[in-house]
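Read-outs: derived from the displayed coordinates by stated rules, not from any lab. These figures come from a predicted structure and were not determined experimentally. Ideal geometry is used to build each Cβ from the backbone, glycine not excepted, and the neighbour counts take in all protein chains shown.
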Amino acid sequence: MTTFRAAKYLAGVAVVALSAVSAQAEESVEVLHWWTSGGEAAALDVLKKDLESKGVSWADMPVAGGGGEQAMTALRARVTAGNAPTAVQMLGFDILDWAKEGALGNLNEVAAAEGWDSVVPTALQGFGKYDGNWISAPVNVHSTNWVWISKSALDAAGGKAPESWDELVAVLDKMQENGLTALAHGGQAWQDATIFDAVVLSLGTDFYKASMIDLDPAALGGDQMVEAFDRMSKLRSYVDDNFSGRDWNLASAMVIEGKAGMQMMGDWAKGEFLKAGQVPGQDFVCIRFPGTQGAVTFNSDQFAMFKVGDDRTGPQKLMASAIMSPTFQSAFNVVKGSVPARTDVPNDAFDDCGKKGMVDLADANSSGTLYGSMAHGHAAPAAVKNAVYDVVTRHFNGELSSQEAVEELAAAIDAVK
Ligand code: GAL
């Protein structure tokens, strides 16, 4: 090659390299999320790698804090400063609130091309769409009415998984007698409220619907609600003294390590068990919270796409499309502990708890017993959810009697709804 031709060749290489760099720079997303535990981070990695394989680079904005309260505070600050992230992990009514503010972009084009309307369950579309327009991409369906039990602790307590409230209490008593912390729990308002979802549901699907979805004052202020708070006090008696402020994944670790008998938590907890190399049926057992079999309180993580300028809608669409791919939905949810947000994903890759989760969801959906989780933003807007958090947590910490809690709950919800 002559010097001249070599120089021309090199210049050509430089041009190609430069355009590759600028294409790369354009194809990037900044993602705000709260997936910081071991299991959550492993699942997030599936998404990150999937996007990277499609040429979309990832700028991470993690905001720790289960349930996402801190993440939502950080989001508000970013948007107020005029610097919204590209995509944000979000739950239920929060998505609709941002849509109402006009802050979210429009995903109709990709949704129509990929037929989202026919594969995403209606209950999820209620949060992924606003005013008939797709505004976010649902990545999963979690549910909150689960109990995660150490297999060895259960065997030592008689070996039979509890199916009713009385059986649950008997197993918890036995685990306590055996010298374990019977119930692994972290004292944070959202964790208390997660148990409360299941306890309210265990008193009947009509009661959950009337109190948590319809916010009916008679149900909120009635005798069944007193019973719900009494059950919370009973559960509190099985928690260890150091529970205050403990993160949920540390509570999962207590069960994983055999120091505690069980945890009442959404199925993101399964991600922790799997990350620790545990196998369902062998090392741990997953059951629906006793008395809630046949019903599901769900929450769906969605990625809402903010209006961040035309130059960044390309990567947003790529990300939405990647999230909605059936192969990705399987790979991601197998790790996360949740189930797919589309109805056409095969269950082959899922473990027994995942398979059960998929069947339970479909059954609850067809029998009309699928309800949004209050604790995780799918039953009512944030103001109501926060009122529930406040009362439930004060009662759990012994600051209110059950009767007082019921009165405060009804009054607080009435004031904000
Ligand atoms: C939920 C979220 C889950 C999980 C959990 C604990 O609100 O839907 O994906 O992350 O919080 O952080």
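Things to note:
- Listed residues 28, 244, 300, most fluctuating in the chain (Gaussian network, C-alpha, under 10 Å): 244
- For the chain, calculated [θ]222 nm from helices alone, where every DSSP H run of n ≥ 4 adds -39500 (n - 2.57): -16000 deg cm²/dmol
- Extending 7 Å from the Cα toward the beta-carbon at both residue 237 and residue 307 defines two label points whose distance is 5.6 nm.
- The angle separating the long axis of helix 3-26 from the principal Cα axis of greatest extent in the chain is about 30 degrees.
- Reachable lysines, given that their alpha-carbon falls under 17 Å from the alpha-carbon of residue 49 and they are not under 8 places away in the same chain: 317, 336
- Those lysines that a straight Cα-Cα span of less than 16 Å connects to residue 160, excepting residues fewer than 8 apart in one chain: 151, 174
- Within a Gaussian network of the chain (alpha carbon springs, distance under 10 Å), most fluctuating of 278, 89, 329: 278
- Expressed as a fraction of 2.2 N^0.38 Å, the C-alpha radius of gyration for the range 269-375 is 1.24.
- Principal-axis analysis of the Cα atoms of the chain puts helix 189-202 at an angle of about 60° to the longest axis.
- Anisotropy class of the range 147-212 from Cα gyration tensor, a/c 1.5 cut: oblate
- Placing unit charges on the Cβ atoms of the charged side chains and taking the dipole of the chain about its Cα centre, the candidate lying farthest along the positive direction among 47, 191, 134 is 47.
- GNM result for the chain, Cα springs below 10 Å: residue of 122, 313, 194 fluctuating most strongly: 122
- Fraction of alpha-carbon pairs over 17 Å apart in the range 199-274 - percent: 56
- Kirkwood hydrodynamic radius computed over the range 196-324 comes to 18.0 Å, based on all pairs of distinct alpha carbons.
- Anisotropy class assigned to the range 119-243 is prolate, per the alpha carbon gyration tensor with a/c at or over the 1.5 cut-off and a/b larger than b/c.
- Of the cross-linked pairs 275/356; 270/356; 355/385, those separated by over 22 Å at the C-alpha level are 355/385.
- Computed magnitude of the charge dipole of the range 97-253 (debye, nearest 20; Cβ of K, R +1, Cβ of D, E -1): 300
- The range 58-106: equivalent-ellipsoid semi-axes (sqrt of 5 x gyration tensor eigenvalues, Cα, Å): 16, 14, 11
- Counting only aspartates and glutamates at least 8 places from residue 209 when in the same chain, those with an alpha carbon closer than 13 Å to its own are 197.
- The Rg/Rh ratio for the chain, using Cα coordinates for both the radius of gyration and the Kirkwood hydrodynamic radius, is 1.03.
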